[in-house]
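**Student:** Before anything else, here's the structure in question.
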Amino acid sequence: MPLEQTIITWIHLVSAAIWVGGSLFIGVVLAPVLKKSSMSLEERLQMMITVGRRFNRIAVPSLILLIATGIYTSQNFLTENSYQLLFSTSYGNFLLIKIFLVVLLLVTFAIHVRIIRKDVEEKILSKKLSPQQIQSLRKKIIILGEITVVISVAILFFAALLDSGA
């Protein structure tokens, strides 16, 4: 079983690196670089959407693996112990907080994806959105992206707490 747990942990860590690392790169590196570029607001928004869609091809499967391996690992804790330990131990409390944050992340990500639907992208390309609509869309995308990054980093913190046995 140690080899199995090692592989599960490795998959979990690689998936977290892809999800969180990619999200951080987009928010901390790409967005500021694009903001300073000479491209129009529509072009910058289109570039962010294109990069986001490309990133999601690897990020979404990574997020699915991350959740699956997290559930697998937490089931080990829950099957070996009573479910009441979720509420009576620090490990259980941290696990509950992490689960809540994962649900919050999924909701935030779903809203983010919903805002940048294909029809919205087509409206940007065909210049059918007013400057105010573009600015509003950009602001929503930035805020949801920032929330996604913050929640993802918080989840990593709780993962570290759980791994340390705190």
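Just so you know, all these numbers are worked out from the coordinates, no wet-lab data involved. Small disclaimer: the values here were computed from a predicted structure and weren't measured. Cβ coordinates were reconstructed from backbone atoms using ideal geometry, including for glycine residues, and neighbour counts include every protein chain displayed.
**Student:** Of the options Gln75, Gly27, Leu104, report the single residue whose Cα projects farthest towards the positive end of the charge dipole of the chain (beta-carbon charges: Lys, Arg +1; Asp, Glu -1).
**Tutor:** Gly27
**Student:** Can you figure out the FRET efficiency of Leu3 with Gln75, using R₀ = 25 Å and their beta-carbon distance, to the nearest 0.05? Mind dumping the intermediate values first?
**Tutor:** On the way: r = 18 Å, r/R0 = 0.73.
Rounded to the nearest 0.05, the efficiency is 0.85.
**Student:** Same structure, new question: Grab the DSSP H runs of the chain that are 4 residues or longer, score each as -39,500 (n - 2.57), total them, divide by all residues and round the 222 nm result to the nearest 500 deg cm²/dmol.
**Tutor:** On the way: 7 runs with 140 residues, N = 166.
The per-residue figure over the chain is -29000 deg cm²/dmol.
**Student:** If you take the beta carbon distance between Ile67 and Val33 as r and set R0 to 35 Å, what does 1/(1 + (r/R0)^6) give as a FRET efficiency, to the nearest 0.05? Numbers along the way, then the final one.
**Tutor:** Numbers: r = 31 Å, r/R0 = 0.88.
After rounding to 0.05, the efficiency reads 0.70.
**Student:** Another question, if that's okay. Please sort through the DSSP H helices of the chain and keep those with an alpha-carbon extent of at least 27 Å along the long axis and a Kyte-Doolittle average not below 0.5. Can you show the working numbers first?
**Tutor:** Working: long enough: 2-24 (32 Å, 1.04); 41-80 (54 Å, 0.40); 90-115 (37 Å, 1.90); 131-164 (49 Å, 1.15).
Flagged H segments are 2-24, 90-115, 131-164.
**Student:** Excluding Met47 itself, what net charge comes from residues whose Cβ is under 15 Å from its Cβ, given Lys and Arg +1 and Asp and Glu -1?
**Tutor:** +3
**Student:** At 7 Å along Cα-to-Cβ for each site, give me the label-to-label distance between Val150 and Lys118 in nm.
**Tutor:** Calculated label separation equals 3.3 nm.
**Student:** What full-extension length gain, to one decimal in nm, is calculated for Ser88 and Phe25 as 0.36 nm per residue of separation minus the Cα-Cα distance? Don't skip to the end; give the middle numbers.
**Tutor:** On the way: separation 63, 0.36 × 63 = 22.68 nm, distance 3.79 nm.
Length difference between fully extended and current span is 18.9 nm.
**Student:** What nm distance separates the two modelled labels at Ile142 and Ser40, each placed 7 Å from Cα along Cα→Cβ?
**Tutor:** Result: 2.0 nm between the two label points.
**Student:** Please list, in order, the residues from region 138-166 whose amide nitrogen is less than 13 Å from a point placed 7 Å along the Cα→Cβ vector of Leu13.
**Tutor:** From region 138-166, the list is 160, 163-164.
**Student:** Hey, got the dipole for region 2-164? About the Cα centre, +1 on K and R Cβ, -1 on D and E Cβ, debye to the nearest 20? Please list the in-between numbers first.
**Tutor:** Numbers: 16 positive and 9 negative charges, 194 e Å.
Using Cβ point charges on Lys, Arg, Asp and Glu, region 2-164 gives about 940 debye.
**Student:** In percent, how large is the relative contact order of region 39-165, given Cα pairs closer than 8 Å and 6 or more residues apart? Walk me through the numbers before you get to the answer.
**Tutor:** On the way: 52 pairs, mean separation 49.4, N = 127.
Over region 39-165, the number comes to 39 percent.
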